[in-house]
Amino acid sequence: MVQERMILNGITGMVSPGEILAILGPSGSGKSTLLNALAGRLQGRGFTGTVVANNKKLSKQTSKRTGFVTQDDILYPHLTVRETLIFCSLLRLPKSLSKKEKTSVVESVISELGLKKCENTIIGNSFIRGVSGGERKRVNIAHEMLINPSLLILDEPTSGLDSTAAHRLVLTLGSLAQKGKTIVTSMHQPSSRVYQMFNSVLVLSEGRCLYFGKGSEAMAYFESVGFSLSFPMNPADFLLDLANGTYALIAVFVSAILDSYD
Ligand SMILES: Nc1ncnc2c1ncn2[C@@H]1O[C@H](COP(=O)(O)OP(=O)(O)OP(=O)(O)O)[C@@H](O)[C@H]1O
């Protein structure tokens, strides 16, 4: 018999055009599952709850306007960046567009994602040297940008990138948001300068929502409920420690010591 398991429970949140919502939480907390639910990819697979876009239930029409950048890519190592995007545009863009129009969509996405410098470099893999890790992530985003999505969902787009490349990538996401896109991204360990670019954050801990609100107000909220910092640190690290239960453990430990003095 198949055993059922609760992966997410009682999550509520919202995000508007022009904003970046970051889903934070430790490994296994349910970030990818939540992103899949938001994209309507869990329907009929034990998913209960409601996801609405512009006050309407998700439909085929909304899925067509949703771009989903997965954690693992499936790019052809021998194609160049430009060839990859042309190939994808020929497959994904409507038949009503001519080849010339599809190519011009590719041109604008290449410049929007800052890929001009490497457009003729092959993608590569672990055996054949190709684009850098950061450029590869951008190609994945470009892949989804070809369909001009209203909602762009990204699963750990900065994993494996150094802090500078991660910051640059999130700056690009910020510029897409400024053009009116709605961005929802999971992120494992954002630096403080990346964290301050999020409009709102949703912190998950074992499938439950620990915090949903403005990124800039998270620390004040946790301070108001008794979790304050003893020294300055990256808010994202603090939230991850909370989600991992580290602070709760410290609180229990301190109270146990106090009890032993009574
Ligand atoms: N189809 C499934 N069947 C059983 N368990 C699942 C399934 N999908 C996810 N899980 C479990 O649900 C939990 C959450 O998984 P999920 O991939 O959403 O976490 P995550 O926060 O994205 O993790 P990571 O940061 O490591 O990618 C994990 O314990 C995972 O093993």
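The values are calculated or read from the model by the stated rules, or taken from the named source; none is laboratory data. Remember, it's a predicted structure, so these values are computed and weren't measured experimentally. Counting neighbours? That spans all protein chains shown, and the Cβs are built from the backbone with ideal geometry, glycine included.
Remarks
- Asp72 falls short on exactly one of the conditions (1) within 27 Å of Gly114 (Cα to Cα); (2) within 16 Å of the ligand (Cβ to nearest atom); (3) surrounded by 10 or more Cβ atoms within 10 Å (Cβ to Cβ); (4) within 14 Å of the chain's Cα centre (by Cα), and that condition is (3).
- Taking segment 146-214 as the region of interest, the strands (runs of 3 or more DSSP E) fully inside it that hold 3 or more residues being buried (at least 20 other Cβ atoms within 10 Å of the Cβ) and not charged (D, E, K, R) are 151-155, 182-187, 200-205.
- Any hit, segment 33-53, residues being touching a Pro at 6+ places or on another chain (Cβ under 7 Å) and either over 28 Å from Val109 (Cα atoms) or not hydroxyl-bearing (Ser, Thr, Tyr) (or both): no
- Condition met for Pro17 (within 19 Å of the chain's Cα centre (by Cα) and surrounded by fewer than 19 Cβ atoms within 10 Å (Cβ to Cβ)): yes
- So Asn140, is it closer than 23 Å to Val81 by Cα and either assigned to a loop (DSSP other than H, G, I, E, B) or among the acidic types (Asp, Glu) (or both): no
- Complete set of residues in segment 10-45 that are among the hydroxyl-bearing types (Ser, Thr, Tyr), more than 8 Å from the ligand (Cβ to nearest atom) and closer than 20 Å to Arg65 by Cα: Ser16
- Taking the criterion of being among the polar types (S, T, N, Q) and modelled with pLDDT under 90, the residues of segment 10-49 that qualify are Gln43, Thr48.
- Of the residues making up segment 75-94, just one is basic (Lys, Arg) and either surrounded by 15 or more Cβ atoms within 10 Å (Cβ to Cβ) or part of a loop (DSSP other than H, G, I, E, B) (or both), namely Arg82.
- With respect to the conditions (1) under 18 Å from Gly160 (Cβ atoms); (2) surrounded by 13 or more Cβ atoms within 10 Å (Cβ to Cβ); (3) of a type outside the set (Val, Ile, Thr), Leu97 lacks only one, and its number is (1).
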